[in-house]
Structures are given as structure tokens and as C-alpha cells.
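Note sheet for the following structure.
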Amino acid sequence: MEKFETHELDVLVIGAGGAGLRAAIEASTQGVSVGLVCKSLLGKAHTVMAEGGIAAALAHVDPQDGWETHFCDTMKGGSFLNHWRMAQIHAQESPDRVRELEQWGALFDRTTDGRILQRAFGGHTWKRLAHVGDRTGLEMIRTLQDRGVHQGIEVCMECTITRLLKDGDRIAGAIGYWRESGRFVVFKAKAVVIATGGVGKAYRITSNSWEYTADGQALAYLAGAELMDMEFVQFHPTGMVWPPGVMGILVTEGVRGEGGILRNANGERFMWKYLPEARRHEYAETEEEARRWLDASVEGTQTDARRPPELSTRDNVARAIYTEVREGRGTPHGGAFLDISYLPADRVKRKLPSMYHQFLELADVDITRQPMEVGPTTHYIMGGIRVDPDTAAATVPGLFAAGEAAAGLHGANRLGGNSLSDLVVFGRRAGAAAADYAKQLPAAPRVDDGEVQAEAHDLLAPFERSQGETPYDVHRALQECMDRHVGIFRVQEDLERGLSELEKIKQRAAGARVEGSRLYHPGWHLVRDLRNLIIVSEAITRSALLRKESRGAHSRLDYPNQDTGLGKVNLCVAKVGEDMRVSTAPTPEMPAELKALFEPVKEKVG
Amino acid sequence: MSVEHGGGEALLHVYRGDASGGQEVEYRVPVEPGMVILDAIHWIQAHHAPDLAVRWNCKAAKCGSCSAEVNGKPALMCKSRMDHFPAGKPITVRPMKTFPIIKDLVTDVSWNYEINKRIPPFSPRPGASWRWQQSDVDRVQEFRKCIECFLCQDVCHVLRTHELKHQFAGPRFFVRVAGLEMHPMDGEDRTRYLKDHAGIGLCNITKCCTEVCPENIAITDNAIIPLKERVVDRFYDPLRILWDKATGKS
């Protein structure tokens, strides 16, 4: 029987992006022992790639802004499938979390009167995104990382958690392996916070890194927790489409926030065609009005001009580009043109420095002189672990989740900028609630040695097989299946075909084989990632089949309209025996005072 | 494997090995337009060597994970375009030399994280106003562009050739300290740390670090030299030494 390195903790935080770091900082502040585990080196998590900004109603640039408008924008953007309470907490607390980052050393871009500058983004009524050029995520993760390190938090880098351990119904810890040595490690913990991010590696064209393999969602699901809203996968409208090696890499929405114009191959500014009727009045009617809005934005002055149509919500812009390409008006490499070259070159370089370098160095395109080519890319999942809005507690005692891994804040579609604020608002709450839970637990839960041994045995199986295919081939098959059948536009037939293909892929993954030693072996690691990706792919597909309507990021060609009944339910996924069950849960009723916020808005504008 | 776009084939010599030793192994990789070294490494993983160890995350020069030495030069693999290397000649890809190898292209960079812990943290001056102009922070924002790829540490000969890791923090952390020292709100004095613990005097400003920085941070000119000046002003100014002696401060 193999002996395992064992750590005993009050709170184990899995994932060291913005949410995990903020959770660990909070739990540690509450005086409990905290361990922070991450698959990469510290500071490389997906947060570092966030570009455009962090949404918070600071009202520094547009004094009309307030948490109420941010709340309404978030709910509307999410087609009202969001948990109202999460949207409320998020809108109310994000300004404090941004100020807190500043007090911890973050240096946001400034207004002319010396305060934090804010920029426009899709779906946000006012200029709301605090930012640092187009590297806001880097500023945020570095600030949190240094804060956490100096607070003395123990960080286990390059460590992958493969299973949560339970004592009866409660969380008792987790088991994983060190990537470097391949040795196993057990964390005995009273509470676990999942902050592992998203699932993008289920798709081939994605802005996500190798880390985004649905670990947290799958760990929670296997431990008996419920997932929710899994059908809602965000396809970011602007990923790079060329050259092939960088296909899918993110082009920040900040380009559109700073005035980027979308055109098809015929030179037509097509976004006007795709504005939803109900929200058309919020956008500029003419090129001239859009330009006036931009000029005011650049000068930092107030204007009555409305924002350009490119600043529609992400779901809508992604579908628009996809449709233009499908109908034959795509660019040479199958995307749309995104043009910011009409602005002064020094402004473009100052506001979008990493985009400038990214295109120049990787695609030979100088964005101060030429348009970019962009197309939709898998970017984010609105769904995730079902949590209590105030405490981030999952449906298993002792388990908490925050950030992209959790569901509820974004509903059917996330607004840009609401992710970075999500991380710090709910990361902090999850850390506090987990610490609280750990303190109140009378005795440390017991770890079942049999469970640990079984997992270790399972993990080593790919080395034992005398035949079987490489996990890379199975991964490729999975990504092609999800791209083809469960992508941006969905129909019953495709989804059913996807589901039956997933069944075969599951068999193939179960027989995948690797050779060599356990020392830093990416192929071996991928075998475990595949288990997680397949679970979540199945959850996405099954939920997408049941949601027979189009809402937010979920577009069914066979059900193009919204369905009133389905607009009042969230779909929940749970493991029942060996089967995956999808059930409906009514969306919580919004209190009257919040409902009232949606009524006077039109009168204010008019 | 058919080669699309007539891109041809590239020859890569990739270091394979661990702490016990290793050697370069040759791989032939089909070339696509715009391909970078990291794409080639991924292709090798998927087709020939599933156990080939490499770090990477963003694939867009934002995270600083995929540092290596390509044809002998420290570089991010995600930014190293295949078409920038002479056609027909093998491209060598080796791990960073300054850090102990773990396996293949992955090195043990944990020393950097230990150094970071020892830097006196950000300490805002009490009672100061949190308002400042953009021009007040342009310089510090340059330092905060650092993606911690550690290529500057890899190329720095104080670390690479003289192996003075126990005495010298390295360019990355001078950039970090400069970001703290020039932060408009910070009230901490890190000159003693720079002199006694970070060993800034060992840097003889050859600017190798600046040359390899993928974020184009002017490490030597904008971070190290001003910090050296602060240390000199604080500890080696003869008038100050006399003054400190006279007032009993030294």
C-alpha cells in the first residue's frame, strides 16, 4: 500500500486565480489555516489573461452610475436567469473590492482629476470598467498574489487535485498529485473552496489555456454537488482567426470599448442589423452619433450621444459575426474585420498595448494601420457549481465555490468586466464562509483510506495498460465533437449526435494509455483532465437539449424564440447513482424593491 | 501527415532529460503559416512524445510560462515565430540554463518565489490622498507589465555564470522593488534591503536583461540604475555619512 504525503488544514482552496487568491486571503485573515493549490506556477492562472477591465459602479466617469444600474444591466444581460441576490451583492460590493485592490497596491489608469478611470463595455449602460490598459487581469493577479504571499499563505504550486474526499455527507479533504514528481498528496481539510475556473478546453477554438479542463465542476459533481446553467457557454465574439496556431486567442472587448468598428467583407458596419428591438433605443442610430459618443469618450466629456452598436452584449455580437460569415460575407480567413486604425496610432498603442503587440508579432498585422480579423471563440461558462448567493456554499456541506466555477451571477450571458469583479466579490465571501464553517465544525472530518487508495489506483491505471490510444487523440475527438455539435448555434439532432459521440469518447478515454515515468508527464495528466472534460461536456449537452428555446448565449436554431416557462427555471445537473440527471429549479423570485428598479429606467432616459 | 499551405517541414532539436542527464532529440514537424515554437512543441507532444514536459498557459505572451532557450537565446516559445529562423537548419530548444532542470523544458524556478517573499511589501503612507495623475504612475505601470517569465533572471550573468543566487535577487526583483519604491502611495524604504540582501551592487549594468524582456521593460535604465542611485545616495554619499555621524544616525 502506497504511503501518501498528508497536509492538515482548516480550509483548502483549489485554484489560485483571482477568486482562489481572494478566498485564501480572506480565510487566512479570519485566522484559520489555509492551503492554496494551483495547477500552474503562481500568477499564471487565467485571471492573468483578462484584459478589458473590472466592472464596478464607482461613477468616476459617468456620475449617473450606481449599483442599481449595474444590477439591472447584469440581470438584463443574463436574460433574468441570474440569481437576483448574487447580482445585487455583486453590484453593491464590487466598488469596495476595486478600492481594496488599489489599497493593496494595484495601479489603475487615472481620470484627469486623479481617480480610477473607467471605460465602456458591452451591455453596461455607463462607463464602468476600471482598467490598466489592456492588462487589467495581470495587475489584479499580481496585487492579490503579493498580498497573499506577504500574508504567509502556503501555496502548493503545480499540484493537481483529482478527487474530493468525504466523511459521510461532509467534505473531508482532497487528493491530488504533484505535477513535478507525479507523487500523490492528501489534503485533510474541514472545508474546500473550488476556484478552478472554466471548461474551455472541451472546445477546439477557445481563448482558454490548458488549465481550463473543468476540474472544479467535475470534482464537485462527483462529490454529489449540483451544477446549474451548464447550457450557457459564452462564445466571445472576438477571437483571433489567423494564423492557425493562435486561432481562438482573445481580442479584448476593450477594442470595441475604445471605438473598434466591426465590418463584413463588403465593408458594411453590420451590427446595426443585429440589435435586439427591445434594446435598440440604447444604441446610436447613425455613424455620426456613434462617432460623437466616441469623441466624448476620448475627451472624457459628457454627451447625449448613445453608444456604438458594437457594444451590444457578447452573445449577440458573437451570433452576428457567425451569421455574417455563414452567409458568405466573411473575411479571407473566415471572420469579421475589427477596425481601430482610424484612431491616432499613439492612442491605440497606449490604450491597447498588448493587442498591438499580439497582432504585430503573431499575425503580422499592425492594428494602427490595418483592421484585425476576428471571430467567435469559446471563452467562459456562465454555469457551474450551484451555490448559495450569500455564502458561496455548494449543496455539499463543507464545499464552497467562487468565480467561473460557480453558477448564478451571470445567468444566460455574462457581461464583459463582470468576471473580474465576480472573482473578488465572491472569492472574499467564499473564503469568509469556509473559514466560518471550519471554525464551527466540532471535529475534523475523517479521511477514508480506502477512498484514497482507490483513487491512487485509478490514477495509475493508464500506465498499466498494454494497449490503448494516446489521450491527445481522444482530446482532439472531444473538442471536435463539442465544436461541431454543441457550439454557438444548436439543434436537437446535433445535440443528440453529440451525446452519442460523447458516450464513445468516454469509452476511449477510459482506455487511454501512457508510457514512461510519472515525472512531469503531460500525457498522463491529460487522461485525468479528460474525465473532467467529458463529465462537463455531457452536462452542457444534456442541458442544451432540455432548454428548447433561445436565450442569452444558448441559441437553438430549432427554437429561435424565448419561452416564457423556461425563462422561469434554471436547469440543475446532479449525479444520481451512475447517471447524470438534469432537473428544473424555479428561478428565485426577485423582491418588489428590486423589480421596481426595472421600471423607471425608460422614463429617466426619455 | 500532409502539410497544409505548402509550409514544409522544420527540424527541431529538443532537449529531453532530467536531473540525471539527457540530450537533444530530433523531431520533424510540419509547418503552418504563423507557427510558433510552442505550436511545434505541442505537435510533438500530440504525435510523438506525450511525456514531453513543457510549461505554457496563455499562448499570447501574457503569462510568461513558456520560457526556454531557442537557438541559444532566452525567449518565450509562444512568441518565437518559426519563419524567423533560417530555413533548412535545425532549431534547438533547450530549458533555461540558470535554473535546475526538472524535466525536458521545465525547470525549477521556485527560488524566484522565495526571493519575492523577502521583499518588504507595499506599505501605503497613512493619511495620504489616493489621487494622482496618470503621468505619476506611467513609470510604475511599466514595471508592473512584468509577466514573471524569468528570462531576465536566466540571462543575467550574476545568476547564470557566477551562480550568486544566495546574494543577488536578480533583475526581475529589482523591477518589482522599483515598482514599489516609485509607487505614489508607498512609504517604505527598501534601500537597505537592496544593498544588504538583494545585492544590487553586483549588477554591472550590461543590459542583457533589458534585451530579452518580452514586455520591453527598460529594466536597466528605468529600474536598476535609479535604485542603485538611491542606494548610493543613502549609504555612500560622503556628506550624508558625515551628517549621519554628526547627528548620531549611523
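Taken together, the residues in segment A:547-597 that are among the small types (Gly, Ala, Ser), over 29 Å from A:Leu502 (Cα atoms) and in contact (Cβ under 8 Å) with a residue 40 or more places away in the chain amount to 0.
All of B:Pro95, B:Pro124 fail the test of being crowded, with 21+ Cβ neighbours inside 10 Å, within 12 Å of another protein chain (Cβ to nearest Cβ) and not β-branched (Val, Ile, Thr), apart from B:Pro95. Among the residues of segment A:254-264, some residue qualifies, meaning at least one is surrounded by fewer than 20 Cβ atoms within 10 Å (Cβ to Cβ) and out of contact with any Leu (no Cβ under 7 Å at 6 or more places or on another chain).
A Cβ distance below 8 Å, combined with a sequence gap of six or more or placement on separate chains, defines the contacts here; from segment A:98-112, residues that are more than 7 Å from chain B (Cβ to nearest Cβ) reach residues that are in a helix (DSSP H, G or I) and small (Gly, Ala, Ser) in the pairs A:Val98/A:Ser421. Checked against (1) modelled with pLDDT of 95 or more; (2) over 28 Å from the mean Cα position of the chain (by Cα); (3) of a type outside the set (S, T, N, Q), A:Ala296 passes all but condition (1).
Exactly one residue out of A:Pro389, A:Pro397, A:Pro442 is outside any helix (DSSP H, G or I), surrounded by fewer than 24 Cβ atoms within 10 Å (Cβ to Cβ) and at pLDDT below 95, and it is A:Pro442. Scanning segment A:289-313 for residues that are more than 27 Å from A:Asn413 (Cα to Cα) and either touching a residue at least 24 places away in the same chain (Cβ under 8 Å) or not charged (D, E, K, R) (or both) turns up A:Ala296, A:Val298, A:Gly300, A:Thr301, A:Gln302, A:Thr303. One residue alone among A:Ser28, A:Ser40, A:Ser94 is hydroxyl-bearing (Ser, Thr, Tyr) and either within 14 Å of chain B (Cβ to nearest Cβ) or touching a Leu at 6+ places or on another chain (Cβ under 6 Å) (or both), and that residue is A:Ser40. Taking the stated definitions as given, is B:Phe168 on the phi < 0 side of the Ramachandran plot, surrounded by 17 or more Cβ atoms within 10 Å (Cβ to Cβ) and in a helix (DSSP H, G or I)? It is false that B:Phe168 is on the phi < 0 side of the Ramachandran plot, surrounded by 17 or more Cβ atoms within 10 Å (Cβ to Cβ) and in a helix (DSSP H, G or I). For residues that are in a helix (DSSP H, G or I) and under 12 Å from the mean Cα position of the chain (by Cα), scanning just segment B:144-158, find the one that is farthest from the other protein chains (Cβ to nearest Cβ). Of everything passing the filter in segment B:144-158, B:Val155 is farthest from the other protein chains (Cβ to nearest Cβ).
Any chance you could count how many residues in segment A:139-184 are more than 10 Å from chain B (Cβ to nearest Cβ), under 23 Å from the mean Cα position of the chain (by Cα) and of a type in the set (Asp, Glu)? Selection size over segment A:139-184: 0.
Of note, B:Cys208 satisfies the criterion of being crowded, with 17+ Cβ neighbours inside 10 Å, at negative phi and in contact with a His (Cβ under 8 Å, 6 or more places away or on another chain).
The values are calculated or read from the model by the stated rules, or taken from the named source; none is laboratory data. Source: prediction; values computed, not measured. All Cβ positions, even for glycine, are placed from backbone atoms using ideal geometry, and neighbour counts span all protein chains on display.
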